[in-house]
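Please read the structure below before turning to the comments.
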Amino acid sequence: MTNRQAPTGCGEQDFGEKYALLSRAEAIFEASRCLYCHDAPCIQSCPTAIDIPTFIRKIRTDNLRGAARTILSANLLGDSCARVCPVEVLCQSTCVFERWGQEPIAIGRLQRYAMHHGVVGADATAILDKAEQRSGQSVGLIGAGPASLACAGTLALLGHEAVLYEKDGYPGGLNATGVAPYKFKLGDNLQEVAFLESLGMEIRTGVEVGVDVSVDELLEQHAAVFLGLGLGADSKLGIPGQDCAGVVGAVHWIRQLKTDPELDVSGIEQAVVVGGGNTAVDAARELRGVGVPKVTMVYRRSRTEMSSYDHELAAALDEGVQLIERAAVAEVLAADGKATAVRLVEVDAGRPSDRDAGTLPAQLVVLAIGQSKLRDLATSFADVACDARGCVEVDLESMATGNPRVFAGGDGVNGGMEVVNAVHDGQLAAHSIDRLIRGGSHDQA
Ligand code: SF4
């Protein structure tokens, strides 16, 4: 197991936690409110079907190791999911209390409490049962984000070797460098990764498939390969001025905030964030959080059409982020090669028009309009296909691609969903790979 450390002095360390860890009294009180519903709707709305009433009941009796075991047996990334899952639209939205117009059980915060205390100082194998019989077969996983980590951890539990090839220096994917720091910090992610590594997997960071190791070598060295590719570089707008200094992609910006002690925003008085998704909202809130006085989101359509979660956008607006609807950035204006303002135009049916909508001063322009797909890497495996969006095509029951030895999951398949969806994919793929290794086919009998 590698002892990796987050760099010190980064901007993310200035952020507090969105929700403080519950005290024991608070956790037991909240757990006591749960009705332990027989047909618990909260379980149905969790993509990994965590047995929520059971782990909450264990919290009530102070059995925190048992609560953590219940969570981890359904979701190996139970700690990060407790922090980054949009519980307001998943498990908590279906809690019976919500239906009755009352405060739903704080499932996310209880899960965080159980994971914090239940795994502290523990090796993962002290909590989860690992197959005694080893298969002697290994699986290669591209990427070390949530999908690959969940897949590798499940494979390790099932008795297989797992080797993850991660081109970044940090394992964890977006959990490492893309999650808002008030939800989950890089150091928290590294702790979770270390816990998963204790199941017995090898993570090779700084290794890029297609550059440092070839696709053919992977197929030679491993019985199966899992593509946990995630998404590629931030997309660009294709407008004049987009390449000048001060124009960055949102994922790049969040990564800098989390990993670069040299990041300096002191000269930025005004920033513009382009986009209407959760990444745009995260970037805008982070800019306010590091002290940028004026942060404006520019979105092509109306607020009600934004794909960000309502509660996240409401929090951003509360924190002083401004929103301009039905406008598009047509040009980034610059002086001496550095962004100074954006020129806006009105939008007709989501498309920029020629009608001027003024200029907005901005020393930083953050583009949160999506990320490219890693189509070339995926299709370099024989019989692996991508759809029109560039997402890897799989059978959703098994996560198998058209190549019988290649499986895929996570953002590279779904185009960008939640961590919990990636975990579900990875775990599902691991069981299919297990069947392939032990029985010669990934199909369910
Ligand atoms: Fe508890 Fe709410 Fe789930 Fe019922 S629906 S088991 S009350 S968390």
Legend entry - strands (runs of 3 or more DSSP E) fully within segment 275-382 counting 2 or more residues that are crowded, with 20+ Cβ neighbours inside 10 Å and touching a Ser or Thr at 6+ places or on another chain (Cβ under 9 Å): 327-335, 338-348
Inset, instruction - Give segment 40-95 a look and list any residue that's surrounded by 18 or more Cβ atoms within 10 Å (Cβ to Cβ), among the small types (Gly, Ala, Ser) and more than 25 Å from HIS431 (Cα to Cα), or say none. - result: ALA40
Inset, instruction - Those residues that are assigned to a loop (DSSP other than H, G, I, E, B), of a type outside the set (Ser, Thr, Tyr) and closer than 17 Å to LEU35 by Cβ, I need them from segment 55-102; list them, please. - result: CYS95, TRP100, GLY101, GLN102
Legend entry - Matching residues, segment 151-187, being of a type in the set (Ser, Thr, Tyr) and open to solvent by 30 Å² or more (accessible area, probe 1.4 Å): TYR170
Inset, instruction - Taking GLY145 as the residue in question, decide whether it is among the small types (Gly, Ala, Ser) and touching a residue at least 60 places away in the same chain (Cβ under 8 Å). - result: yes
Inset, instruction - Taking the residues in segment 93-133 that are closer than 18 Å to THR70 by Cβ and polar (S, T, N, Q) as candidates, determine which candidate is farthest from the chain's Cα centre (by Cα). - result: THR125
Inset, instruction - Within segment 397-414, identify whether any single residue is within 28 Å of the chain's Cα centre (by Cα), surrounded by fewer than 14 Cβ atoms within 10 Å (Cβ to Cβ) and of a type in the set (D, E, K, R), and answer yes or no. - result: yes
Inset, instruction - Please list, ordered by first then second residue, the pairs with beta carbon atoms under 6 Å, 6 or more apart or interchain, first in segment 41-57 and more than 19 Å from GLU30 (Cβ to Cβ), second small (Gly, Ala, Ser) and buried (at least 18 other Cβ atoms within 10 Å of the Cβ). - result: THR48/ALA74; ALA49/ALA74
Legend entry - Single condition ARG438 does not satisfy, out of (1) closer than 30 Å to SER308 by Cβ; (2) assigned to a helix (DSSP H, G or I): (1)
Inset, instruction - Mind telling me which of the residues THR8, THR54 ends up being among the hydroxyl-bearing types (Ser, Thr, Tyr), over 18 Å from the mean Cα position of the chain (by Cα) and more than 16 Å from the ligand (Cβ to nearest atom)? - result: THR8
Inset, instruction - Within segment 240-259, identify whether any single residue is open to solvent by less than 30 Å² (accessible area, probe 1.4 Å), of a type outside the set (A, V, I, L, M), closer than 20 Å to SER380 by Cβ and not in a loop (DSSP other than H, G, I, E, B), and answer yes or no. - result: no
Legend entry - Count of residues meeting criterion [surrounded by 16 or more Cβ atoms within 10 Å (Cβ to Cβ) and at positive phi] in segment 113-150: 1
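The values are calculated or read from the model by the stated rules, or taken from the named source; none is laboratory data. Worth saying up front: this structure is predicted, and the values here are computed from it rather than measured. Positions of Cβ are generated from backbone atoms using ideal geometry, with glycine treated the same way; all protein chains shown enter the neighbour counts. Please note that ligands, DNA and RNA were not included when accessible areas were found on the heavy atoms of the full protein model with its side chains. Shrake-Rupley method; radii C 1.70, N 1.55, O 1.52, S 1.80 Å.
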